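Here is the structure we will look at, set down as structure tokens.
The values are calculated or read from the model by the stated rules, or taken from the named source; none is laboratory data. Predicted model, so just to flag it, every value in this text is computed and none were measured. Cβ placement follows ideal geometry from the backbone for every residue including glycine, while neighbour counts extend to all protein chains displayed. Only protein heavy atoms, including side chains, enter the accessible area calculation; ligands, DNA and RNA are left aside. Shrake-Rupley method; radii C 1.70, N 1.55, O 1.52, S 1.80 Å.
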Amino acid sequence: MPDIEKLIPPPLRRPAKPGEGNGNGNGNGNGNGVVDLRQPTEKNGSAATEELKGKLKDSPADVVGWVDERTGASNIVTALALRKVPKGTNWFYTLGSATMFAFICQALTGVFLAMYYTPSPVEAYASITYLTNEVFLGEFVRGMHKWGATVMIILIFMHMARTFFFGAYKYPRELNWVIGVVLIILTLVMGLTGYLLPFDQRSFWATEVANNITASGPFVGPYLADFLRAGPEIGATTIQRFYAIHMLLVPGLIIGLIGAHLFLVVKLGTTAPPWVHASKPKSLRRKDVG
Ligand code: HEM
């Protein structure tokens, strides 16, 4: 039987409350404002210490327990996972999470593509050909990224349609709708900027057309097109600018906005489907009517 004192991890401490421990508000005499739970104090006499030792013996001495003790993360995770959702919640409510999953897949596969890709007109196509033909699973990861982009756009539109048809854009969720609109625009910008990167005939001419359409937009259109082209013709500076926007600027904005979007979802809760009507609380029902 091992010595019980040795089983108790030393850093199990909590801040002292005023008047606790040695009476000067500094804990039980260690002077740094924490109570060492292993030491008996006026409050936790020997019986309490024994009880504590029993509990400590059962407490998880793993990494998860260690982190949780210091962050309280399990409270947040439990509150998120076990939060109440309205009656009638169904599969349509998973479309937002599915969109997020698609985005995470894009981010992860994008990191691997960035390891091989070179953003220059001379080397872009060659680097992608090398990745596709020579690198182990390169074609697979590239395919995931390419088809994943389409999947994300389909999912985000389906999610938007769900929130629209369920009336989830109404008070108090207007701000979340607006954040969603920005998210969908940013997702389309990801598609546009990514399309140029292979720098083959198709992507070159598609970007030429897209840029001309942008230039025909009112007021800011010509300026925006000039900014995106980054020069008189689509070339080296365009590809570098598109790459920076595609892999740094827009993903950063999307991550921040998804955070704000989810914060509001958790804070406000989700909307019940339109066919579910709230029942009157018992206290408000008339006694004489059934
Ligand atoms: C990257 C894109 C997006 C992600 C990751 C995302 C994620 C989510 C998630 C996980 C939810 C929780 C419930 C559910 O899935 O329906 C949600 C709710 C919501 N989303 Fe999105 N969303 C995105 C884009 C959009 C867009 C484009 C719109 C609309 C323009 C939008 C509007 C809303 C609204 C209004 C809610 C609240 C739904 C309710 O109260 O029932 N979201 N979103």
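At 1.4 Å probe size, with the rest of the protein present, what percent of the exposed accessible area of the stretch 86-182 is carbon and sulfur atoms?
Values: 4590 of 6170 Å².
The value for the stretch 86-182 is 74 percent carbon and sulfur by accessible area.
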Residue-span extension gain [L248 to Y116] - 0.36 nm each, minus C-alpha spacing: 45.9 nm
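Would you kindly state how much longer the chain becomes between Y130 and A206 on full extension, computed as 0.36 nm times their sequence separation minus their alpha carbon distance, in nm to one decimal? Each step should come with its number before you reach the end.
On the way: separation 76, 0.36 × 76 = 27.36 nm, distance 2.30 nm.
So the extension gain works out to 25.1 nm.
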With all protein chains modelled, accessible area of V265 [1.4 Å, Å²]: 40
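On average, how much accessible surface per residue is there in the stretch 84-206, in Å², for a 1.4 Å probe, leaving out ligands, DNA and RNA?
On the way: 7650 Å² over 123 residues.
With the other protein chains kept in place, the stretch 84-206 gives 62 Å² per residue.
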Pair V182, A47: separation of 7 Å Cα→Cβ label points (nm): 5.9
Residue order for R142, R70, R173 - accessible surface, 1.4 angstrom probe, largest first: R70, R142, R173
Distance between the stretch 118-134 and the stretch 151-193 - C-alpha centres, whole angstrom: 33
Label-reachable residues, the stretch 167-182, where backbone N falls under 12 Å from a point 7 Å from A278's Cα toward its Cβ: 172
Whole-Hz couplings from phi, Karplus 6.51/-1.76/1.60, listed for the stretch 85-95; x for Gly and Pro: 10, x, 4, x, 4, 9, 4, 4, 7, 8, 5
Local net charge near N211, Cβ-Cβ under 13 Å (Lys/Arg +1, Asp/Glu -1): -1
Full-stretch length increase - L257, F227 - with 0.36 nm per residue and alpha-carbon distance subtracted: 8.4 nm
Inter-site label distance for F165 and L268 at 7 Å from Cα along Cβ, in nm: 2.1
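So which of K84/K267; K87/K287; K170/K280 end up more than 20 Å apart by C-alpha?
Numbers: K84/K267 12 Å; K87/K287 26 Å; K170/K280 22 Å.
Pairs exceeding the cut-off: K87/K287; K170/K280.
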